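**Student:** Attaching a single structure in structure tokens format; questions to follow.
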Amino acid sequence: GMLMRIVISALMVWLLAAGAALAAGGGSSGPSGGSMGSMPAPRSPDELAMAAYKSGVKQIEKAKSAETDAAAATDPGRQKKESEKAARSYGDARDYFTKATAKKPGMYEAWNYLGYSERKLGNYPEALSAYDHALQLNPNYGEAIEYRGEAYLGLNRTDDAKAAYLQLFGSARPLADQLMAAMHLWVAARREDPKGLSAGDLDAFAHWVDERGQLAQQTASLGIGLVNQTW
């Protein structure tokens, strides 16, 4: 009887110990390489920059989706909610792209998207600074030229916006068309709220936009592009 009780007690202790070990191991059937073997290798600055960049792009996509939902919403409360969601996502994107540029200062795509995020948040001087960084690294980066043109509009810098359009018209026609669409929207918005722009300057720019828009349609219908336009 005594021997049996000792054997049963020993068996219980062994079972409890085995169960504790199994729980501590998470039930993993893989090889146990110890804590050092399971630690990930440290990532390089380039890898950290790319990871931050990808996260930022995801936030941009979320923000654009929220903007689309806000535009489609008929209820003012829903519009406000989606607009606020977009602003939060653009803010998160800005943080990710700031990290990416800090880890890899030569990553012009991240500088471009940093400018885009800042512009969408209404921070036009900061946006211009970021676009300038992108274009210093890659002077022919058409997307940054177009985005910077829209930032110029936000600051009522119409001459600079014109120059951006003319540059794109000769080298990246789809981007020029994108900026032209933004110009039309900007003129309509400034008719509602000039934001410090004089009526004369607005009328002059609106006239230029109409002329350039008509020329763009004519050249598109003829299947040609005009290079090195200076007017």
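The values are calculated or read from the model by the stated rules, or taken from the named source; none is laboratory data. Quick caveat: nothing in here was measured; it's all calculated off a predicted structure. Note that each Cβ is placed from the backbone with ideal geometry, even for glycine, and that neighbours are counted across all protein chains shown.
**Student:** Which residue is surrounded by the most Cβ atoms within 10 Å (Cβ to Cβ), if the candidates are limited to the range 200-231 and must be modelled with pLDDT of 70 or more and farther than 23 Å from Ala188 by Cβ?
**Tutor:** For the range 200-231, the residue satisfying everything is Thr219.
**Student:** Moving to a separate point now. Just give me the residues in the range 110-152 being out of contact with any Lys or Arg (no Cβ under 8 Å at 6 or more places or on another chain), surrounded by 19 or more Cβ atoms within 10 Å (Cβ to Cβ) and of a type in the set (S, T, N, Q), in sequence order.
**Tutor:** Result: Asn112, single match.
**Student:** Looking at the range 68-86, which of the residues that are surrounded by fewer than 15 Cβ atoms within 10 Å (Cβ to Cβ) and within 17 Å of the chain's Cα centre (by Cα) is farthest from Ala144 (Cα to Cα)?
**Tutor:** For the range 68-86, the residue satisfying everything is Glu84.
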